[in-house]
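Novice: Following this message is one structure expressed as structure tokens.
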Amino acid sequence: MIHDEIADFASALPGAGALAGLDFGEKTIGVAVSDGMRQVATPLETIRRRKFTQDAEALLALTTARGITGLILGLPRNMDGTEGPRCQKTRAFARNLSRLTDLPIGYWDERLSTVAAERALLEADTSRAKRSGVIDHVAAGYILQGALDRMRHL
């Protein structure tokens with residue numbers, strides 16, 4: 001089931017269990033996971049996008065292997081808060097994925113998550129080549145951590 005509000009998403013989750021955060025992009029899907037107590041998000045990997053069925057298969061295999069209890073998708077709203085074509089694609093991906101899994105799916109506003117990830121990687125003196133390979137799953141970590149922090153205060 002898909003939840004637009006983080007409070008609704010949180011209420012649909014079991015008491016404990018890891019969550020996965022997804023930074024859904026045109027060419028890649030950045031993936032981050034939390035610990036079972038939902039305190040800390042850790043960037044995990046970047047999945048190179050192919051076709052929906054292959055992307056979904058890779059994601060669902062990961063959720064099964066890691067015991068994931070819910071998914072947070074970054075929703076790329078415009079800076080003024082409106083939703084554009086990228087939001088529509090993200091929502092379509094979530095709808096299609098929800099047909100293949102019973103995991104609750106929630107959205108988190110991802111504005112500036114990639115900027116924050118880029119800044120953190122620059123501060124860590126990460127080379128340009130290395131940054132391009134990890135930026136998506138680091139951004140997914142920022143998305144997931146934001147959602148985890150908010151859910152702690154519900």
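The values are calculated or read from the model by the stated rules, or taken from the named source; none is laboratory data. None of the values given here were measured: they were computed from a predicted structure. Virtual Cβ from ideal backbone geometry, glycine too; neighbours counted across all protein chains shown.
Each row is one residue, and each column tells you yes or no for (1) of a type in the set (A, V, I, L, M); (2) modelled with pLDDT under 60.
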position: 76; (1), (2): no, no
position: 80; (1), (2): no, no
position: 96; (1), (2): no, no
position: 105; (1), (2): yes, no
position: 109; (1), (2): no, no
position: 121; (1), (2): yes, yes
position: 126; (1), (2): no, yes
position: 129; (1), (2): yes, yes
position: 132; (1), (2): no, yes
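Novice: Do you know which residues across the range 6-22 are closer than 20 Å to residue 142 by Cα and either at pLDDT below 95 or assigned to a helix (DSSP H, G or I) (or both)?
Specialist: Matches in the range 6-22: 6, 7, 9, 10.
Novice: For a quick check of your reading of the model, give me the residue pairs whose first member lies in the range 1-20 and is crowded, with 17+ Cβ neighbours inside 10 Å, whose second is assigned to a loop (DSSP other than H, G, I, E, B) and basic (Lys, Arg), with beta-carbon atoms closer than 9 Å and at least 6 apart or on different chains.
Specialist: 13/38; 18/38; 19/38
Novice: Looking at (1) touching a residue at least 40 places away in the same chain (Cβ under 8 Å); (2) in a loop (DSSP other than H, G, I, E, B); (3) surrounded by fewer than 13 Cβ atoms within 10 Å (Cβ to Cβ), can you tell me which one residue 80 breaks?
Specialist: Evaluating residue 80 over (1) touching a residue at least 40 places away in the same chain (Cβ under 8 Å); (2) in a loop (DSSP other than H, G, I, E, B); (3) surrounded by fewer than 13 Cβ atoms within 10 Å (Cβ to Cβ) leaves (1) as the failure.
Novice: Evaluate the range 46-69: report whether one residue or more is outside any helix (DSSP H, G or I), loosely packed, with under 13 Cβ neighbours inside 10 Å, in contact with a strand residue (DSSP E or B) (Cβ under 8 Å, 6 or more places away or on another chain) and not aromatic (Phe, Trp, Tyr).
Specialist: The answer is yes, given that some residue of the range 46-69 is outside any helix (DSSP H, G or I), loosely packed, with under 13 Cβ neighbours inside 10 Å, in contact with a strand residue (DSSP E or B) (Cβ under 8 Å, 6 or more places away or on another chain) and not aromatic (Phe, Trp, Tyr).
Novice: Follow-up question, since we're still on this one. Quick one: how many residues across the range 89-105 are part of a loop (DSSP other than H, G, I, E, B) and either closer than 20 Å to residue 10 by Cβ or without any contact (Cβ under 8 Å) to a residue 24 or more places away in the chain (or both)?
Specialist: Counting residues in the range 89-105 that are part of a loop (DSSP other than H, G, I, E, B) and either closer than 20 Å to residue 10 by Cβ or without any contact (Cβ under 8 Å) to a residue 24 or more places away in the chain (or both) gives 5.
Novice: Any chance the range 21-30 includes a residue that's more than 11 Å from the chain's Cα centre (by Cα) and within 25 Å of residue 152 (Cα to Cα)?
Specialist: No, the range 21-30 has no match at all.
Novice: Can you go through 38, 48 and tell me which one is among the charged types (D, E, K, R) and on the phi > 0 side of the Ramachandran plot?
Specialist: That would be 38, the only listed residue that is among the charged types (D, E, K, R) and on the phi > 0 side of the Ramachandran plot.
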